[in-house]
1. Restricting to the range 25-58, name every residue that is out of contact with any Leu (no Cβ under 6 Å at 6 or more places or on another chain), aliphatic (A, V, I, L, M) and either within 20 Å of L163 (Cβ to Cβ) or not assigned by TED's automatic domain parsing to the domain that holds D78 (or both).
2. Of everything in the range 169-189 that's more than 18 Å from K205 (Cβ to Cβ) and in contact with a strand residue (DSSP E or B) (Cβ under 9 Å, 6 or more places away or on another chain), which residue is surrounded by the fewest Cβ atoms within 10 Å (Cβ to Cβ)?
3. So which residues in the range 163-215 are under 20 Å from the mean Cα position of the chain (by Cα), among the aliphatic types (A, V, I, L, M) and assigned to a helix (DSSP H, G or I), if there are any at all?
4. Filter the range 53-78 for residues that are modelled with pLDDT of 95 or more and either of a type in the set (G, A, S) or more than 22 Å from F131 (Cα to Cα) (or both) and give the result.
5. Counting just the residues of the range 126-136 that are buried (at least 20 other Cβ atoms within 10 Å of the Cβ) and either part of a loop (DSSP other than H, G, I, E, B) or of a type in the set (D, E, K, R) (or both), which one comes out modelled with the highest pLDDT?
6. Working carefully through the options M102, M108, M84, find the one that is hydrophobic (A, V, I, L, M, F, W, C) and in contact with a Gly (Cβ under 7 Å, 6 or more places away or on another chain).
Amino acid sequence: MSESTNGIPRIGDLAPDFKANTTQGELSFSEWASGKWVILFSHPADFTPVCSTELTEFARRSKEFEGLDAKLIGLSIDSIHSHMAWRENLKQIFDVEISYPMIADIDMRVSKLYGMLHENTSATATVRAVFLIDPKRVVRALVYYPMNVGRNIDEVKRLLQGLQTADKHGCACPVNWKPGEDVIVPPPKNEKELAERDSHKEYKKRDFYIRTKSL
C-alpha cells in the first residue's frame with residue numbers, strides 16, 4: 001500500500017506521513033498516531049465563528065473519542081502564535097480547554113498532502129475536511145464540508161463507531177445505524193454461503209441478500 005502523493009487521499013490509501021509544528025510541539029504524524037484511530041480535521045482560519053464552535057465541541061467531547069481509542073488533531077493555515085492565542089481566547093469564552101494538538105500549516109504542506117485546499121473556494125484557506133484514519137494509518141473515511149456550514153460531531157463519532165463495529169464483527173452498518181442497533185450480514189458470494197446463511201436462525205431475513213442480526 002502506498003501513500004497518496006497527488007490530490008485528495010482516497011479511502012484505502014495510506015494516510016500521508018508528515019512532520020509539523022503544533023500547539024504541543026513538533027510531531028511526526030506516524031509516531032504520534034502510534035496505533036490509534038485518528039480524526040484529522042481542518043478549519044478555514046483561526047478566530048472565525050463557525051470554527052470556534054467546532055473546536056470547542058471537539059474539545060468538550062474529546063474524552064468520548066479517547067474512549068473509542070481515537071486521537072483528535074486539528075489544522076489550519078495559521079501560525080503557531082495565532083493558534084495559541086485563539087486557544088486561550090476560546091478557553092475564556094467557552095470555558096473549554098483545547099487538549100488536542102493543532103497543526104500550524106503556514107507553508108500549506110500538510111493541507112496540500114490531504115487535498116484540503118479547494119481553489120474555487122479559496123487558495124489560502126482550507127475547507128472543513130475530516131479524515132478518519134485507522135490504527136494501520138489507512139484512510140477509512142473522509143468528509144468535506146463547505147466553509148459556511150459546521151460539522152456534526154455526533155456524525156463524526158457515529159462514523160468512527162460504525163467503522164470499528166464493521167471491523168470487529170465483519171458486518172456492515174445500515175442507514176442511520178447507531179451503536180446497539182442491528183447490523184447487516186454480508187451478502188452470500190455463492191450457493192454454499194447462501195445455504196449456510198439459512199442455518200442461522202438468529203438472522204432476520206428481508207430477502208436472500210438482505211439479512212440483519214443483533215450483536
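1. Listed by number, the residues that qualify are A33, V38, L40.
2. Result: H169.
3. Hits for the range 163-215 are L163, A166.
4. If the condition is that a residue be modelled with pLDDT of 95 or more and either of a type in the set (G, A, S) or more than 22 Å from F131 (Cα to Cα) (or both), then A59, S62, G67, A70, G74 are the ones that fit.
5. The selected residue is D134.
6. Matching residue, one of M102, M108, M84: M102.
Here's the yes/no breakdown for (1) under 21 Å from F131 (Cβ atoms); (2) at pLDDT below 95:
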site: Q161; (1), (2): yes, no
site: D167; (1), (2): yes, no
site: N176; (1), (2): no, no
site: V183; (1), (2): no, no
site: K192; (1), (2): no, yes
site: E196; (1), (2): no, yes
site: S199; (1), (2): no, yes
site: Y203; (1), (2): no, yes
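The values are calculated or read from the model by the stated rules, or taken from the named source; none is laboratory data. Everything quoted here is computed from the prediction, not taken from an experiment. Here Cβ is always computed from backbone atoms with ideal geometry, including for glycine, and neighbour counts include all displayed protein chains.
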